[in-house]
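One structure is given here, and the rest of the page talks about it.
Throughout, read-outs are computed from the coordinates displayed, never taken from laboratory work. Keep in mind that what you see is a predicted model, and the values were worked out from it rather than measured. Glycine gets a Cβ as well: all are built from the backbone with ideal geometry, and neighbour counts include every protein chain shown.
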Amino acid sequence: MKSAKISGERRVTRRLALTVSDAVGLSQYQDGPQSPESGPAGDETSREGSPPSDTDAGGDDQPGDGEPETVERQLPLDQVFEILKNSRRRETLHYLNENGGEASLSELAEHIAALENDTTVAAISSSQRKRVYVGLYQCHLPKMDDMDIIDFDQNRGTVVRAANADQLEPYLDQSTQPPWPRMYGGITAAGTGLFAVSVVGNAPFGLTPTVVLAALLVAIGICSLAQTRYRSAEE
């Protein structure tokens, strides 16, 4: 009787042990094994210790990601000669070449006004300066800027040589301006010679001193009118 009682207690004890063991196993299966690197702290450590990828560092440098390159546009010859046929545009390029490639609009206007009026910068009048200033600001410099010959900042009044300026250099010194001093000199020399001949009485075709002087004045007047119209057309 006593032996049966002990055997029953052992079976109960064994069942309780199996029940506890099954409960512990089920708990470990649900929670999963924990390792030092599998928890949140481990993830943080692993993430912080790994080197940054190319994407995190900004990615690989791709062609065209940088600043756009300035592409020089080949100007047709007709546009080159269109720019250079005007004396103010030619003088602008000359002045930039002689002054490090940049200048202010005021400096350009004073320099060109002095050349056009055969005087110095200090001696030009305000009206002479203003006439050139307005022509440069409204017409000539914007036209050169559109062709990328200069960079013209209208707000700041600055002018800088640009990429296409070099294309005009071979033609810059081939000025198309008529040689006005030579023309005046030739008229004066011819008139003086004819007048001297008429005075001594050897002038052909009945040229008297009065006729020679009248012809000389007419020739000078025609040359002066042509020069005035030429300058007006350039402005």
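Overall form of the stretch 77-172: prolate. Here a/c, set by the Cα gyration tensor axes a ≥ b ≥ c, is 1.5 or more, and a/b is the larger of a/b and b/c. The trypsin sites (Lys or Arg not before Pro) found in the stretch 68-133 that occupy coil by DSSP, while having at most 13 further C-beta atoms within 10 Å, are 73.
Per-residue counts of other Cβ atoms within 10 Å, averaged by peptide: what ranking do you get for 109-121, 215-227, highest first?
On the way: 109-121: 17.2, 215-227: 13.5.
Going by the mean number of other Cβ atoms within 10 Å, highest first, we get 109-121, 215-227.
Phi angles across the stretch 217-226 convert, under the Karplus curve 6.51 cos²θ - 1.76 cosθ + 1.60 with θ = phi - 60°, into 3J(HN,Hα) values of 5, 5, 5, 5, x, 5, 5, 5, 5, 5 Hz, Gly and Pro given as x.
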